[in-house]
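Have a look at the structure below before the remarks.
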Amino acid sequence: MDEEALFTTLKNRRIAGAALDCFAQEPVTSPHRFSDLDNVLLAPHCIAWTEELFRDIGRAACRVMVDLSLGKRPRGVLNPEVFDRPGFKTKWARHRPAAPQPGEGGSPR
């Protein structure tokens with residue numbers, strides 16, 4: 001981003017505000033000039049790094065992959081309209097198992 005342009009825009013209130021977690025120079029080692037503005041929220045780039053995140057992120061990613069491979073829409077998709085796109089439907093169909101045909105699979109006799 002162009003920090004200078006954003007700073008000027010925020011200072012002149014041409015936009016309501018901004019929340020930033022990355023900066024032109026990182027790490028930020030002294031108070032950043034954006035901290036002087038009351039319409040800005042600043043956070044370190046690692047704001048979400050918690051024990052819970054590291055405990056759960058792998059499991060969540062695997063769950064999404066398993067759901068997709070089984071033809072299920074994963075929980076929490078932010079842009080569900082992608083499932084209706086023809087290109088995605090074609091790609092998704094190539095990567096998930098075909099449904100068993102009558103007489104195939106099932107329990108042993």
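Working with all protein chains in place, sort Thr90, Thr50, Thr9 by solvent-accessible area computed with a 1.4 Å probe, largest first.
Thr90, Thr50, Thr9
Near Phe83, within a Cβ-to-Cβ distance under 14 Å, what is the net charge of the other residues, with Lys and Arg +1 and Asp and Glu -1?
Its environment carries a net charge of +4.
Arg63 accessible area, nearest 10 Å², 1.4 Å probe?
For Arg63, solvent-accessible area is about 120 Å².
Any idea what angle helix 51-69 forms with the longest principal axis of the chain, computed on alpha-carbon atoms, 0 to 90 degrees, nearest 10?
40 degrees
Taking a probe of 1.4 angstrom, what is the accessible area of Arg13 in Å², to the nearest 10?
140 Å²
Rounding to the nearest 20 debye, state how big the charge dipole of the chain is about its Cα centre with +1 on each Lys and Arg Cβ and -1 on each Asp and Glu Cβ.
860 debye
Ordering Leu41, Leu70, Leu6, Leu78 by how much accessible area each has at a 1.4 Å probe, largest first, what is the list?
Sorted by accessible area, descending: Leu78, Leu41, Leu70, Leu6.
From the C-alpha coordinates alone, can you work out the Kirkwood hydrodynamic radius of the chain, in Å?
By the Kirkwood definition, the hydrodynamic radius is 18.9 Å.
Keeping all protein chains in the complex and leaving out DNA, RNA and ligands, what accessible area do you get for Glu4 with a 1.4 Å probe, in Å² to the nearest 10?
Roll a 1.4 Å probe over it and Glu4 shows about 100 Å².
Please give the calculated 222 nm ellipticity per residue for the chain, where each DSSP H segment of at least 4 residues contributes -39500 (n - 2.57) and the sum is spread over every residue; nearest 500 deg cm²/dmol?
Computed mean residue ellipticity for the chain: -10500 deg cm²/dmol.
The values are calculated or read from the model by the stated rules, or taken from the named source; none is laboratory data. Because the structure is predicted, anything quoted here is derived from the model rather than measured. So basically every Cβ, Gly included, is an ideal-geometry build from the backbone, and we count neighbours across all protein chains shown. What goes into the accessible areas is simple: the full protein's heavy atoms, side chains included, and nothing from ligands, DNA or RNA. Shrake-Rupley method; radii C 1.70, N 1.55, O 1.52, S 1.80 Å.
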